[in-house]
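*Asks:* Following this message is one structure expressed as structure tokens.
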Amino acid sequence: MGRRAYSSDLTDSEWEIIEPLLPTEKRQGRKRETDLREVVNAIFYLLKEGCQWRSRCRVIFHLGQQ
């Protein structure tokens, strides 16, 4: 089951323009587990909808912590 689509999400044609500008996956090290399109969608969502500082910290900064 996929996630809910938001009006701030990139269209396929917009993603085709942005994707080549992002860093490619490195040959060495772990395989990238993060979908960069979802990261960009999240940034656009925050820019469009806004978010309280307390909520943003919980959502963004928990990613690297156990």
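*Asks:* List the pairs whose first member sits in segment 1-23 and is more than 22 Å from GLU49 (Cβ to Cβ), whose second member is in a helix (DSSP H, G or I) and basic (Lys, Arg), and whose Cβ atoms are under 8 Å apart, counting only residues at least 6 apart or on separate chains?
*Replies:* Close Cβ pairs (under 8 Å, with a partner that is in a helix (DSSP H, G or I) and basic (Lys, Arg)) amount to GLU19/ARG37.
*Asks:* Would you call LEU36 modelled with pLDDT of 90 or more, within 13 Å of the chain's Cα centre (by Cα), within 21 Å of ARG4 (Cβ to Cβ) and surrounded by 10 or more Cβ atoms within 10 Å (Cβ to Cβ)?
*Replies:* When the stated conditions are applied, LEU36 passes them.
The values are calculated or read from the model by the stated rules, or taken from the named source; none is laboratory data. Keep in mind the model is a prediction, meaning the values are calculated, not measured. For neighbour counting, all protein chains shown are included, and Cβ atoms are generated from backbone atoms with ideal geometry for every residue, glycine included.
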